[in-house]
1. Facing another protein chain (nearest Cβ under 9 Å), closer than 20 Å to residue A:606 by Cα, out of contact with any Cys (no Cβ under 7 Å at 6 or more places or on another chain) and at pLDDT 90 or above: does that describe residue A:641?
2. Show the residue pairs that are 6+ apart or on different chains and have beta-carbon atoms under 6 Å apart, the first residue being within segment B:8-20 and more than 7 Å from every other protein chain (Cβ to nearest Cβ), the second being assigned to a helix (DSSP H, G or I).
3. Cβ-Cβ below 6 Å, separation at least six or inter-chain, first residue in segment B:47-62 and within 7 Å of chain A (Cβ to nearest Cβ), second assigned to a loop (DSSP other than H, G, I, E, B) and of a type in the set (Val, Ile, Thr): which pairs?
4. Go through (1) under 21 Å from residue B:68 (Cα atoms); (2) under 50 Å from the mean Cα position of the chain (by Cα) and name the single condition residue A:595 misses.
5. Within segment A:776-792, is there a residue that is of a type in the set (D, E, K, R), more than 14 Å from chain B (Cβ to nearest Cβ), surrounded by fewer than 21 Cβ atoms within 10 Å (Cβ to Cβ) and in a helix (DSSP H, G or I)?
6. Restricting the search to segment A:476-510, which residues are within 22 Å of residue A:283 (Cβ to Cβ), surrounded by fewer than 16 Cβ atoms within 10 Å (Cβ to Cβ) and aliphatic (A, V, I, L, M)?
7. So which residues in segment A:527-540 are part of a helix (DSSP H, G or I) and of a type in the set (Phe, Trp, Tyr)?
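The values are calculated or read from the model by the stated rules, or taken from the named source; none is laboratory data. Quick caveat: nothing in here was measured; it's all calculated off a predicted structure. Don't worry about glycine lacking a Cβ; one is built from the backbone with ideal geometry, like all the others, and counts go over all protein chains shown.
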Amino acid sequence: MLLSALLILPLLGVLVPLWAHQYGRTRCAWATAAAPALALLILFLNLPGIADGQVLASRATWIPALGLEWHVRLDGLAWLFALLILGIGLLVILYARYYLSEKDSMARFYSYLMLFMLAMLGVVLSGNLIQLWMFWELTSISSFLLISFWWHKSEARRGARMALTITGAGGLFLLAGFLMLGQVVGSYDLDQVLAQGDLIREHAWYPAILICVLLGAFTKSAQFPFHFWLPHAMAAPTPVSAYLHSATMVKAGIFLLARMYPALAGTELWFVIVSSVGMATLLVGGYFALYKHDLKGLLAYSTVSHLGLITLLLGLDTQLAAIAAVFHIINHATFKASLFMAAGIIDHECGTRDMRYLNGLWRYMPHTAALAMVAAAAMAGVPLLNGFLSKEMFFAETLQQELLGGLSWLIPALATLAGVFSVAYSARFIHDVFFNGEPIGLDRTPHEPPRYMKIPVEILVALCLLVGILPSFTVDGLLRMASGAVLATELPTYNLSIWHGFNFPLLMSVIALIGGITLYSQRKRLFLFHSRFERFDASETFERQMQKFLAWAVSLQAKVDNQSFQRYLFALLSLALLMAATPLLDLYHLEGGRELHPLDGVSLMGFVLLAVGSVATVIWHQQRLVSLLMLSVVGLVVSVAFARFSAPDLALTQLAVEVVTVILLMLALFFLPQKSHPDSSPSRLVRDLGLAAVFGGIIGSISYALMTRPLDSISHFFLENSKSGGGGTNAVNVILVDFRGFDTLGEITVLGIAALGIYKLLLRLRLYMPASDGEGRAWAVERHPRMLATLSQSLLPLALLVSVYIFLRGHNLPGGGFIAGLVTAVAMILQYVAHGVDWLQPRLQHLKYQRMIAWGVLISTMTGMASWLFDRPFLTSWFDYLHWPLVGKFEIASAIAFDLGVYLTVVGATLLILANLGKMTTVARPQRQAEE
Amino acid sequence: MEVLVAFSIGLMTTCGIFLLLRSRTFPVVVGLTLLSYAVNLFLFASGGLYPDHTTVVDASAPYADPLPQALVLTAIVIGFAMTAFVVILALRARADLGSDHINGSARMKAQIRKRRSPQALKTSKKSTQHTKAQKAKENTP
């Protein structure tokens, strides 16, 4: 639990500044610092166990089906990184208190910063790959927010977008890599993945896994050729640069390499990719750092270069190199964070970061200058400072390499060259800013910053000195702990002393120092030479590419999505056709073994009617009324077919629905053009007809294949249990209200929702009212013929009686709520047709169809819930037999209440739809007549 | 008999799909209705054909398969609700878009196309950037 607090504390810390900012800036800073300080305390409480080489873990199940589990895992490497994140984070909080101006929202800044801290801690403490990836993405998002903190500046927005695009894309690759890794190992648990290194390396997927994971790490750590986002991220406030771009986020990629070292490293592929990318980054970063006039730009490229150095060390494939990498992670974090902070102070006090104007600041801010110079010297690798020690180890390791065979001498040579660059840009940082004449064109006189702004820098510089002078007392334990976790084996012996005697690494250091200073002294010629290259701005190129990409996406979308519904439908149907047809190809015989039924005359007649009706519907589809009449013929034949094949329930339902549908379509036709004009080209007609015919053929074939095959279904269960379990003899109705009652409940809910949706759509609908029919004839004067009105009125009680009968008998004989509801609805619609809405509305004003639907669904649901009262599952039905005088034995079942709900919903929904649509025909018509 | 039923299903499917691909709303609705007949009959027949059977227990005739019947019964009612919904959508579309073409009116389409063109995207982006920059200027005295 204590381990989970390491993540929970920063999570709470996200909210603290939002609340605390009202109490003033200093208090806000202190309150924000509380959570990381507590977390740091917890971290140190866990130190003894970690120092013994233990791996502490805290687990909780999350989504076990996905292999996802909450797993906080603390080992030496995680401890080191958590220390860097929390320690430097605290210093940055203090520093930012004085860096931010009154206009900047401190609450927002601290909140983002804490979010980022949470994300970073999550990455280093995750013991589950998926969990790790989630936090990894969170670092991308929170760093986007931090870089774009000054969102009114276009460069900040651009820089943030670029960083998010590059690191986000890398994150997707990382996810792919992790998923493959999880498949290979069979678990996403980090302990298991790290233990299965041999299995992973020998697996066929290893190259793919390695490349995906490396892409994730390289994009995050700004390795060549993805390095260009980092200098543009310098548009962020300097505390962000000090935190994200020196100590933490860019180290996340390095952390990943170190974390995965036992699982993925140790192969030729790892060596080739990681070391060559690292070497390229080391040289490219160092070279470009020389030419940056912007102070933060110089630091950004030097960060790129140092990240390359660490990557190279991790790629060199010796255990000592990995130790040197860990050592340099620590050293780089300390000196680079302090340098960024110093750059921020200079920017803050002078109003510019351009080294062409900043000169001779030594006289104005000696204290800051001294701190910055020590840190810069550490960056250059000057003896007695921490940078020197890890650089010596690096040089020593490059000399041990034999991996390039006869060309192995190249590695130390290039490393020395990189050392030369490093010394040269460090020299420029010192000389150009603090000496070299007087400042040019500053609008204010620089002076020392507030006392507290320097404290973080002082602490970090003191650490540089302490580690540099007394390495074995200060950093040795930490280094052993972290390296042990990286290598996962016994550590080789190494010596952290300052003086190793006169040897090759020392010679390389001396060459780097002398070469660097010489290079810097010749800088004017170098700048001149460099300016002859064509200017290349990564940000502009990137923007242009993004714009091109966007335009391409838009044009692609315009091609695919051309606003033609017909095309979408055609594509969809073609796909459905393909999927339906493919399995048929594997079917050996279309006809199964089942005995066929003989053909009889009545069926043949019905078939002919149906075929004629269908074809006529199509042929006359432009004469819409005719087409509709033909459609109703088809519907009637279908209902007869249901009756023919022993489904009286279906036949009744189909018959009633047929009536309602045709009336509905006729009402709709009133508002739509009576005829459509032929507007399909012949080729399209042929195309559509072809698709439709093939589709129909395939569906018919599937149907035939199904019908002729012997079937063993679950139906006998329903037939056997209908009477004993559901208390009814009509198996169809018992299935509806009892066995599958939950389905029915869902279905009547859908019905109600559809009706309400229609009601809503019809509200305030302004329809075009035709004054005459399609042929130009005016509507009949007598709208409601007397004969029909009289007849229908006397039919209503009879029809209602029939529907009650059908409803009551439904449980045992064909009938039930659905059919009874439809019969009632049809009877009511007949009244509407015969008398008109105006006549009926005052007579039915207490009947609200919306309420009827609501009551129906409510009654059915309550019936279901009533079974809870008897400790039974939802919708358990109950029935019993009563003896009534005169009536005799009478069955009473809870299912009938359920069916009543169905009945009410069906009546309400049907009438809501039709009555409201019918009303539309009368609302505006009197007006129109008045106009005439 | 089975051949006949399968043929009917196939024919109704063909007619329904052909109408579904027409360009005006009304034939599309009719096609949808025809297709739903076909689908209902298809589902019903998938359990096999049982002329002169029954689903009433205790009756003398042999039993038909009650399960597809129960499924199709609700499908018919829901199918009606969906047809009604599409019909009302068609009416609404005609009232709001001024056309009963299923793609809406030509004018609407032209508008949408214009809104989506790359030039439109660029200009809208530029204008928002511009206003944002202005706002920032206003914010900083």
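1. The answer is yes for residue A:641.
2. B:16/B:31; B:16/B:34; B:16/B:35; B:16/B:38
3. The qualifying pairs are B:56/A:729; B:57/A:729; B:58/A:729.
4. The one condition residue A:595 does not meet is (2).
5. Yes, that holds for at least one residue.
6. A:507, A:510
7. Correct list: A:527, A:529.
Matching residues to (1) at pLDDT 90 or above; (2) of a type in the set (S, T, N, Q); (3) closer than 23 Å to residue A:132 by Cβ; (4) assigned by the TED database to the domain that holds residue A:476:
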| site | (1), (2), (3), (4) |
| --- | --- |
| A:1 | no, no, yes, no |
| A:21 | no, no, no, no |
| A:31 | yes, no, no, no |
| A:41 | yes, no, no, no |
| A:61 | no, yes, yes, no |
| A:86 | yes, no, yes, no |
